[in-house]
1. Condition first: over 18 Å from A:P150 (Cβ atoms) and either surrounded by 15 or more Cβ atoms within 10 Å (Cβ to Cβ) or not hydroxyl-bearing (S, T, Y) (or both). Now tell me which residues in the range A:219-231 satisfy that.
2. Looking at B:S92, B:S62, B:S84, B:S43, can you tell me which residue is within 13 Å of chain A (Cβ to nearest Cβ), out of contact with any strand residue (DSSP E or B) (no Cβ under 6 Å at 6 or more places or on another chain) and among the hydroxyl-bearing types (S, T, Y)?
3. Got a sec? Which strands (runs of 3 or more DSSP E) wholly within the range A:142-186 have at least 1 residues that are in contact with a strand residue (DSSP E or B) (Cβ under 6 Å, 6 or more places away or on another chain), closer than 16 Å to A:I200 by Cα and β-branched (V, I, T)?
4. Does the range A:9-29 include one or more residues that are in the same structural domain as A:P100 (by TED's automatic domain parsing) and over 24 Å from A:K108 (Cα atoms)?
5. Has the range B:68-79 got any residue that is free of Cβ contacts under 8 Å to residues at least 60 places away in the same chain, under 17 Å from A:A12 (Cα atoms), of a type in the set (A, V, I, L, M) and within 14 Å of chain A (Cβ to nearest Cβ)?
6. Only one of these is outside the structural domain of A:I39 (by TED's automatic domain parsing), touching an Asp or Glu at 6+ places or on another chain (Cβ under 8 Å), farther than 24 Å from A:V47 by Cβ and among the β-branched types (V, I, T): A:I180, A:I147, A:I162. Name it.
7. Out of all the residues in the range A:52-96, which are touching a Lys or Arg at 6+ places or on another chain (Cβ under 8 Å), within 12 Å of another protein chain (Cβ to nearest Cβ) and in a strand (DSSP E or B)?
8. Identify all residues within the range A:189-218 that are surrounded by fewer than 14 Cβ atoms within 10 Å (Cβ to Cβ) and either part of a strand (DSSP E or B) or touching an Asp or Glu at 6+ places or on another chain (Cβ under 6 Å) (or both); write none if there are none.
Amino acid sequence: MNCIIIDDEAAARAIISQLCGQAPQVNVIEEFPNAIQAIKFLNQNEVDLIFLDIHMPDFTGFDFIETIKNPPKIILTTSDTNFAIQAFEYDCIVDYLVKPISLERFQKAINKAEASSVNASSNSSDKVETTSGNDLYVNIDRRLIKINIPSIYLVEAQGDYIRVKTENKNYTVHSTLKKIKEKLPDSIFLKVHRSYIININKIVDIEDNSVLIKKDIIPVSRSNRPELMRRLNML
Amino acid sequence: MEQPNLIYIKSMSGGNQAFEQKLIGIIKQEFPKEVEIYLTNMSLKEYRKAADNVHKLKHKISILGLQKSYAIAQDYEKNLLEGSTILEADFSDIIRLIADFLETQ
């Protein structure tokens, strides 16, 4: 699980990071001294787990949770036991660690987060988009709208939303690239950049590190380029 | 009076002495700054802000194994939120105790 740590106290961040180092399931990718910086990071990056301090100046841990639309799993870390009841009103909170955090208690919280991730992924097909044969149903304004999958030529990440572009119409859906990718057939769809999935049948041309799909020029990240080239029927 | 110790730090370090030194270094850096902010807020009679500072300092008190002091700090934080400074002198003793200990590290 890729995780970030948000705590205004450097000693607390160091301790959590050290504890994570002893848990092979967890990989700390970033640490933040305040919630605002973390929100900016999460606008561009996905994480599986957040260690979140509640008691921070200006912007508390609960403010943070209220601000982000699709929070990942969160383990609260606090010196205060008074927020436990409030904490469990949020589905995303999987555990509540009281500082100072022991290694044993930390490991238990990680196990809970891991178990919770398994449950979440096994249910995910019911929550986001549903597919039926060649169609994908997306939830827009409480209506399930059918999109013909082969007509999709581009999916673009836009913050907490994705933009699904088809031959006839474009749709903005509250979801993530990761979720929609699971619903699209790998045989014709490929993630070429952290913000783009393309239909490889709709490519017009490829130039250096970009592809032209209809009239959209889409960047191809260096790590995804070999797979794109492998998938093309080259002469 | 109870004395600060490194029992907790050693218990969670996994035997990593470099980390133990790093953490003590961080505490030595952070603690005086947090105390200074606390003292400023006390001098300005900004007791709610001072309560926040005490809250933050509580973690370091607990890291250094000061259980009784932690309980005092907890009561003091509540008192400050109610505008009472009744435990101020006791908390000053705790700050001094930690500062003296950190000087030896």
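The values are calculated or read from the model by the stated rules, or taken from the named source; none is laboratory data. This structure is a prediction, so every number in the text was calculated from the model and none was measured. Heads up, the Cβs are rebuilt from the backbone with ideal geometry, glycines too, and the neighbour counts pull from every protein chain shown.
1. Correct list: A:P219, A:V220, A:R222, A:N224, A:R225, A:P226, A:E227, A:L228, A:M229, A:R230.
2. B:S62
3. Answer list for the range A:142-186: A:152-158, A:161-166.
4. Within the range A:9-29, none of the residues are in the same structural domain as A:P100 (by TED's automatic domain parsing) and over 24 Å from A:K108 (Cα atoms).
5. no
6. A:I147
7. A:T77, A:T78
8. A:V204, A:D205, A:E207, A:I217
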